[in-house]
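In what follows, a single structure is set out as structure tokens and then discussed.
The values are calculated or read from the model by the stated rules, or taken from the named source; none is laboratory data. None of the values given here were measured: they were computed from a predicted structure. All Cβ positions, even for glycine, are placed from backbone atoms using ideal geometry, and neighbour counts span all protein chains on display. These area figures cover heavy atoms from the full protein model, side chains too; ligands, DNA and RNA do not enter into them. Shrake-Rupley method; radii C 1.70, N 1.55, O 1.52, S 1.80 Å.
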Amino acid sequence: MDNIDYKKIKAWPFQEAIKLKNKVSKIANKKIVTLETGYGPSGDPHIGTFAEVLRTNMVLNCLKEISDYSTNLITFSDDLDALRKVPEDYPFPDKLKNYIDCPLSMIPDFTGKYESYADRNNNLLKSFLNKFKFDYSFISSTDYYKNGKFDKQLLKILENYESIINIILPTLRKERRESYSPFLPICRKTKKVLQVPIKVIDKKNGVIAYKENNQYKEILVTGGNCKLQWKVDWAMRWSALNIDYEMNGKDLIPSFQLSSQIANFIEKKVPSNMTYELFLDDKGEKISKSKGNGLSIDEWLDYGSSDSLSLFMYNNPRRAKRLYFDCIPKSMDDYRKLLNNIQNQDSIEKLESPLWHIHQKKIPSTTYPIDFTNLLNLVTALNTTSNRTIKDFVRIYLKEKLSVQDEQELDKIILLAIKYYKKFILPHINKRKPDIEE
């Protein structure tokens, strides 16, 4: 594909990769390009987090296609952040209430399976990402703060403390300005993350002080003794991890602009950026991690294929989309149509296809032999959850002999259709009773 003019390809991941390549090509001796996705483990992994990793990975694959740069995809967990409220979908809310304002990585895991509450949520996210065979580096905020990997940047922030404060204060409410500090001390006694005014004691050696019981307590900003407020934290990470590319939701546009200003007082590192629109629930409201509204990754995969989920995430990232159960059949059918069409496409058309991006360049040759919508109609008409009966009728409907691979794909999709029918169609079917003649 050496003769392809990639600039003419309209697929958004290629456009983003070209933008990124143009930016990093100006950096002398640049060999590795690092892309970041950020995640707050204050609850179960959010489908928006998964979408961000998936989409960023698509840009990464396009960059590999158009350049010789090595790449690194970082999934960063902000697990030193404090728990501000109990998620509505957590099974042990009363126990979690006692740990408000504590770092997520220092809260016990009440399921008893993991080292901490954050470790549980981090592992749930990693298991989802591993299902999709992403190649990524997982970084824990707690590990990096405590092991001194952010110390250089923390001291730089302290050195430019007044300049950074002057950027942030005009964006805050009056009462918040009085207590604001970029540094959040972690109390040795209560282990809580404190949002308190601080006094800079020694910039060179990284010492600050905060007031407790009318006495000032001195503390180092390094070594995991403090955490940064997240907008400063975001800017700090770009330098510490040498981030070249990062996406964010539309709601974080002002935060990205503010962090970009702050970055000028650290190491002037601001990544290439793309803004995406947010997912909405069935009522048209923004999907919230703490509310648990909308659809989870697990729920989609209960009723639809992982490929249909990836296709939904690929399509129109800059447009707000309603994410609910009735999106699944359409996405399943769209995927099948794309795969059937791609067999006769040339190399440029394949690069334009969502499937090239969904399957990380390795497009399968076959898929399920019947549209999901038709299969649901068949299951509804038959009013059965018998795999064998449904399969026999599919064979009659298709009027052709199925290959072994087609049979395997059909078995998978029939199981999904039965689950979907039982959950969303059967409870709403109102059948009239037969009359005497019937």
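Of all residues in region 236-249, one or more are part of a helix (DSSP H, G or I), of a type in the set (D, E, K, R) and under 25 Å from Leu172 (Cβ atoms). Residue pairs whose Cβ atoms lie under 9 Å apart, separated by 6 or more positions or on different chains, with the first residue in region 233-253 and touching a residue at least 60 places away in the same chain (Cβ under 8 Å) and among the hydrophobic types (A, V, I, L, M, F, W, C) and the second open to solvent by 20 Å² or more (accessible area, probe 1.4 Å) and assigned to a strand (DSSP E or B), are Trp234/Gly38; Met247/Asn273; Met247/Thr275; Met247/Tyr276. Working only within region 251-262, note down all residues that are over 23 Å from the mean Cα position of the chain (by Cα) and crowded, with 19+ Cβ neighbours inside 10 Å. Matches in region 251-262: Ile262 only.
Check whether at least one residue in region 357-365 is under 30 Å from Glu285 (Cα atoms), in contact (Cβ under 8 Å) with a residue 12 or more places away in the chain and assigned to a helix (DSSP H, G or I), and report yes or no. Yes, some residue in region 357-365 is under 30 Å from Glu285 (Cα atoms), in contact (Cβ under 8 Å) with a residue 12 or more places away in the chain and assigned to a helix (DSSP H, G or I).
Among what's in region 135-149 and is touching a strand residue (DSSP E or B) at 6+ places or on another chain (Cβ under 8 Å) and not in a loop (DSSP other than H, G, I, E, B), pick the residue that is surrounded by the fewest Cβ atoms within 10 Å (Cβ to Cβ). The selected residue is Ser137. A count restricted to region 155-194 and to residues that are closer than 22 Å to Ser255 by Cα and part of a loop (DSSP other than H, G, I, E, B) stands at 7.
Here is a yes/no grid of residues against (1) open to solvent by less than 50 Å² (accessible area, probe 1.4 Å); (2) closer than 30 Å to Val59 by Cβ; (3) among the hydroxyl-bearing types (Ser, Thr, Tyr); (4) touching an Asp or Glu at 6+ places or on another chain (Cβ under 8 Å):
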| position | (1), (2), (3), (4) |
| --- | --- |
| His357 | yes, yes, no, no |
| Ser365 | no, yes, yes, no |
| Tyr368 | yes, yes, yes, yes |
| Arg388 | no, no, no, no |
| Val394 | yes, no, no, no |
| Tyr397 | no, no, yes, no |
| Lys401 | no, no, no, no |
| Asp411 | no, no, no, no |
| Lys419 | no, no, no, yes |
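For Glu438, indicate whether it is loosely packed, with under 15 Cβ neighbours inside 10 Å and part of a helix (DSSP H, G or I). It is false that Glu438 is loosely packed, with under 15 Cβ neighbours inside 10 Å and part of a helix (DSSP H, G or I). Within this structure, Asn340 passes the test of being open to solvent by 50 Å² or more (accessible area, probe 1.4 Å), assigned to a helix (DSSP H, G or I) and out of contact with any Lys or Arg (no Cβ under 9 Å at 6 or more places or on another chain). Residue count for region 77-104 satisfying the condition of being open to solvent by less than 30 Å² (accessible area, probe 1.4 Å) and either more than 15 Å from Gly40 (Cβ to Cβ) or without any contact (Cβ under 8 Å) to a residue 40 or more places away in the chain (or both): 1.
Would you confirm, using the coordinates I've provided, whether Lys152 is in a loop (DSSP other than H, G, I, E, B), basic (Lys, Arg) and open to solvent by 30 Å² or more (accessible area, probe 1.4 Å)? Against the criterion (in a loop (DSSP other than H, G, I, E, B), basic (Lys, Arg) and open to solvent by 30 Å² or more (accessible area, probe 1.4 Å)), Lys152 does not qualify. Can you tell me which residues in region 47-74 are small (Gly, Ala, Ser), under 20 Å from Gln15 (Cβ atoms) and surrounded by fewer than 18 Cβ atoms within 10 Å (Cβ to Cβ)? Passing the criteria: only Ser67. Consider Leu378 carefully, then state whether it is more than 29 Å from the chain's Cα centre (by Cα) and not in a loop (DSSP other than H, G, I, E, B). In short, yes.
When Asp44 is tested against (1) of a type outside the set (Ser, Thr, Tyr); (2) more than 18 Å from the chain's Cα centre (by Cα); (3) open to solvent by 30 Å² or more (accessible area, probe 1.4 Å), only condition (2) is not met.
For region 195-233: of the residues being at pLDDT below 95, assigned to a loop (DSSP other than H, G, I, E, B) and touching a strand residue (DSSP E or B) at 6+ places or on another chain (Cβ under 8 Å), which is surrounded by the fewest Cβ atoms within 10 Å (Cβ to Cβ)? Only one residue tops the list, namely Pro197.
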